[in-house]
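Heads up, the thing below is written out as structure tokens.
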Amino acid sequence: MADDRVLLITGASTGIGAATARQAAAAGWKVVLSARSEDKLQELAREIGAETALAQRCDVTEIADQERLVEAALERFGRIDAVFANAGFGAKRGFLEEDPDFWRSMVLTNVLGVAYTIRATMPHLRERGSGHYLITSSVAGRRALPGSLYSATKWAVTGMAESLRQELRAAESKVRVTVIEPGMVDTAFFENRPSDALEPDDVARIAMFVLEQPERVDVNEVLVRPVRQAG
């Protein structure tokens, strides 16, 4: 059992975030659920149970929202043991295809939002001297995709995770960092749901596997694709 350890998740209302919240709660973790969709958050919190879950609306592109999220988590549970920076979304490929305002929102969410999550939670984890960051990147953060600004944001996230790990190691901190890079996942990310894709629960199981490793083990990177995905 997790001895009431606390997992904070951004982008928790659907997909990988929601699946991870369910699996963490089943394993004995308390979960702090955040997203912009308050209705879906509250529904998930009711499903998991009021004693186990705290739901709070949070726009990850606003540092004040993230700071309030951390404050609420500490007020409710007294600690944060792991942070899953999972909020993000995609855009059409092609540099002439997507609305520039949509691009702006995606870049702010996918990149700055992750940095803000780190900024808001790091003081607590550093003070405690232990903890774990999980950060959702993508296969698209390991290889360039034609005309994909989304891919560029995930390259940034992959680099950010390693930069964070190196900063923590330089400070002799025991806080661990794992970047998870899924291939195609059957979520609302795709307009036309892919066949033979990973399920959100598949990625959630990986997240939980990583979190349950002994403190001496720092799994830095997990790349996972569906069996039939070639690239």
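Gln42 meets all of the listed conditions (1) of a type outside the set (Ser, Thr, Tyr); (2) surrounded by 21 or more Cβ atoms within 10 Å (Cβ to Cβ); (3) touching a strand residue (DSSP E or B) at 6+ places or on another chain (Cβ under 6 Å) but one, namely (2). On inspection, Arg165 does not qualify as outside any helix (DSSP H, G or I) and either more than 18 Å from Leu7 (Cβ to Cβ) or among the polar types (S, T, N, Q) (or both). Please verify whether segment 107-128 includes one or more residues that are on the phi > 0 side of the Ramachandran plot and under 18 Å from the mean Cα position of the chain (by Cα). For segment 107-128, residues on the phi > 0 side of the Ramachandran plot and under 18 Å from the mean Cα position of the chain (by Cα): absent. Can you say whether Arg22 is in a helix (DSSP H, G or I) and out of contact with any helix residue (DSSP H, G or I) (no Cβ under 7 Å at 6 or more places or on another chain), as far as the supplied structure shows? So Arg22 does not fit the description; no. Taken residue by residue, segment 14-24 has no member that is farther than 18 Å from His132 by Cα and without any contact (Cβ under 8 Å) to a residue 40 or more places away in the chain.
Of the residues making up segment 123-165, those that are in contact (Cβ under 8 Å) with a residue 12 or more places away in the chain, closer than 26 Å to Glu212 by Cβ and of a type outside the set (Asp, Glu) number 24.
Restricting the first member to segment 74-103 and to residues that are surrounded by fewer than 13 Cβ atoms within 10 Å (Cβ to Cβ), and the second to residues that are part of a loop (DSSP other than H, G, I, E, B), the beta-carbon pairs closer than 6 Å and six or more apart or on different chains are Gly94/Gly147; Phe95/Gly147. Among residues of segment 209-226 that are assigned to a loop (DSSP other than H, G, I, E, B), those with a beta-carbon under 7 Å from a residue that is exposed (fewer than 12 other Cβ atoms within 10 Å of the Cβ) at least six positions away or on a different chain give the pairs Pro226/Asp196. Scanning segment 26-39 for residues that are over 18 Å from Asn110 (Cα atoms) and surrounded by fewer than 22 Cβ atoms within 10 Å (Cβ to Cβ) yields a count of 5. Whether any residue in segment 48-62 is assigned to a helix (DSSP H, G or I), touching a residue at least 24 places away in the same chain (Cβ under 8 Å) and not aliphatic (A, V, I, L, M) is what I want to check. No, the conditions are met nowhere in segment 48-62. When the test is whether a residue is within 22 Å of Ser137 (Cβ to Cβ), surrounded by fewer than 24 Cβ atoms within 10 Å (Cβ to Cβ) and touching a strand residue (DSSP E or B) at 6+ places or on another chain (Cβ under 8 Å), Gly15 passes it. Checking each residue in segment 115-143 for being assigned to a loop (DSSP other than H, G, I, E, B) and among the charged types (D, E, K, R) picks out Arg142, Arg143.
Screening Ala170, Ala161 for residues that are surrounded by fewer than 19 Cβ atoms within 10 Å (Cβ to Cβ) and either of a type in the set (A, V, I, L, M, F, W, C) or closer than 23 Å to Val203 by Cα (or both) leaves exactly one candidate, Ala170.
Within segment 106-122, can one find any residue that is within 27 Å of Gln229 (Cβ to Cβ), touching a Phe, Trp or Tyr at 6+ places or on another chain (Cβ under 9 Å), of a type in the set (S, T, N, Q) and at pLDDT 95 or above? Checking segment 106-122: at least one residue is within 27 Å of Gln229 (Cβ to Cβ), touching a Phe, Trp or Tyr at 6+ places or on another chain (Cβ under 9 Å), of a type in the set (S, T, N, Q) and at pLDDT 95 or above. Given (1) more than 16 Å from the chain's Cα centre (by Cα); (2) of a type in the set (A, V, I, L, M); (3) closer than 27 Å to Arg205 by Cβ; (4) in a helix (DSSP H, G or I), where does Ala152 come up short, assuming only one miss? Tallying (1) more than 16 Å from the chain's Cα centre (by Cα); (2) of a type in the set (A, V, I, L, M); (3) closer than 27 Å to Arg205 by Cβ; (4) in a helix (DSSP H, G or I), Ala152 fails exactly one: (3). Taken together, the residues in segment 77-114 that are within 18 Å of Arg176 (Cβ to Cβ), outside any loop (DSSP other than H, G, I, E, B) and not aromatic (Phe, Trp, Tyr) amount to 4.
The values are calculated or read from the model by the stated rules, or taken from the named source; none is laboratory data. Remember, predicted model here, so these are calculated numbers, not experimental data. In this analysis, Cβ positions are derived from the backbone assuming ideal geometry, glycine residues included, and neighbour counts consider all displayed protein chains.
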